[in-house]
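Q: Below: one structure in structure tokens.
Bear in mind these aren't lab numbers, they're just calculated from the coordinates by the rules spelled out. Quick caveat, the model's predicted, so the values are computed rather than measured. For neighbour counting, all protein chains shown are included, and Cβ atoms are generated from backbone atoms with ideal geometry for every residue, glycine included.
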Amino acid sequence: MAGHARKATPPQQPNELSGRRRRRRPKRRIGRWVALAASVLVLGTAAVGGWVYTHLNGNIKGADVGDALGDNRPKAARGGQNILVIGSDSRKGLGDAYGKNLTTMQSDTLMLLHTSGNGKWASVVSFPRDSWVQIPACQRGTGSASSPHHFKINEAFAIGGTTGDTATAAACTIKTVEANTQVRIDHFLIVDFRGFTGMVDALGGVEVCPQQAIHDKKAHLDLEAGCQIVKDDKALGYVRARYSIGDGSDIGRIGRQQEFMQSLADRAKSKLYDPTALYGFLNSATKSLTTDPDLAGIDPLYSLASSVKGIATDRIAFLTVPNYPRERDVPSDKANVTWQQPAARQLFSALNHDQEMTKADLKKVTAHLPAPASTVHVTVLNGTSTKGQALKIADQLRALGFQITTTGNAPQPVDKTTLAYPQGQSEQAQALAGHLPGLTPTPSTQGATTTVTLTIGPDLPAVTG
């Protein structure tokens, strides 16, 4: 990573959706700026009086997404809560000053905060925006609906936000996250593009310490190496820069954004007794927020922040969904990442069961990459009475990079889906099973078989990306 910024302090809890110059710190605290910002929000308004409290409270927008989400959703977690944090790239009100060719709403950052039921630990999971996932059918805001398809995860916000409607943008993002993780989202919080620059500028800028000079045309950024204060477009460019720094991936940018937000939170805390700076920060922060109705106010946000602030630092895990370059599976795709299975599924299962998973735990389950899909040859047989199932599943697997050798009907109907592999192809079978939750590969009993054989039964699990 090219640079780092300053430290921070934590976020946490409410209910179901209704509708430097010093030594380098580890990348540990994404989302804590949300907690501290909410804390500063309340402490600051308490200091400046009722009128300001009312004004700032009214800035926070609520968006009811309940109807757009429908009834086909994952079950609630067995404990704790899940809050989806979306960083919106909205350019509304900025003219062509930045990203003039952008015509749709975009999400630049996507994180899932899980707060434990016992209040003793929390996890913040970052989703790379280049994650190649299944985008479910979503309402566009025009009355029409999109068709299910695979694409980058951040496209969901753009699909729902086709007409500029934040509620439908949030709903499509929530549906996409839920469909690919099977984790139910209890609350959401959107921070938009304009609010970010307003918060930074109100504080007089934020210190960053790039270890090497950054010259990024796409981010409109030119910075020399070393610690310096950035604001306006430079601050925005710093958190958005990607292609000119490190390996040019979104993974590296996630870490840089985490560190910048730590520095922003520290700066806000230092301005608690500067009324002008504090009001400017709070005004921009609250104007930039859109939440579900249950979080749409200073008090519930402060309650969320306060609950996380009590958690010990070493019990807040900052994780990224396990992934690898999709090029391993689909050689022509050099731009996206695939979630590593079954590791990603184990992470989401831990959240659903309110079980703590540390970075060390996640590292253990990601130590061994699956065989590339392009090396897995598959025979798909339909063992159900539904015509076309083999072709349908084969198309889905082919889109993930698997080599489909044969499709057809099974010799006879089957009660359960099976995945059999010939001698020497256990790893190939495991790679395919990673996209078929709950399916366990077994050795083939047919000696002449040279491919992994998927026989579809009525219980076939949904193919995951």
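Q: Tell me, Arg345, Arg140, Arg256, Arg78 in order of fewest to most beta-carbon neighbours within 10 Å? Numbers along the way, then the final one.
A: Details: Arg345 20, Arg140 17, Arg256 24, Arg78 11.
Starting with the residue having the fewest Cβ neighbours, the order is Arg78, Arg140, Arg345, Arg256.
Q: Please work out the FRET efficiency for the pair His353 and Thr450, using the Cβ-Cβ distance as r and a Förster radius of 35 Å; give the result to the nearest 0.05.
A: On the way: r = 39 Å, r/R0 = 1.12.
That pair, His353 with Thr450, gives E of 0.35.
Q: Of Lys61/Lys269; Lys234/Lys334; Lys271/Lys309; Lys152/Lys309; Lys217/Lys363; Lys234/Lys271, which sit over 26 Å apart, Cα to Cα?
A: Details: Lys61/Lys269 24 Å; Lys234/Lys334 29 Å; Lys271/Lys309 19 Å; Lys152/Lys309 33 Å; Lys217/Lys363 35 Å; Lys234/Lys271 21 Å.
Violating the 26 Å Cα-Cα cut-off are Lys234/Lys334; Lys152/Lys309; Lys217/Lys363.
Q: Which net charge results when you count Lys and Arg as +1 and Asp and Glu as -1 among the other residues whose beta-carbon is under 10 Å from that of Pro458? Please report the intermediate quantities before stating the final value.
A: On the way: positive: Lys416; negative: Asp415, Asp459.
Result for the neighbourhood of Pro458: -1.
Q: For Met357, Met261, what ranking results if the residue with the fewest other Cβ atoms within 10 Å of its Cβ goes first?
A: Working: Met357 20, Met261 27.
Listing Met357, Met261 from fewest to most nearby Cβ atoms yields Met357, Met261.
Q: Give me the tail of P(r) for region 373-456 as a percent: Cα-Cα pairs with distance above 17 Å.
A: Within region 373-456, distances greater than 17 Å cover 40 percent of Cα pairs.
Q: Taking 0.36 nm per residue of sequence separation and subtracting the Cα-Cα distance, how much length would be gained by fully extending the chain between Ala213 and His150, in nm to one decimal? Could the numbers behind the result be given before it?
A: Numbers: separation 63, 0.36 × 63 = 22.68 nm, distance 3.67 nm.
Between Ala213 and His150, full extension yields 19.0 nm more.
Q: Going by how many other beta carbons lie within 10 Å of each one, how would you line up Ser444, Ser107, fewest first?
A: Numbers: Ser444 20, Ser107 25.
By the 10 Å Cβ count, ascending: Ser444, Ser107.
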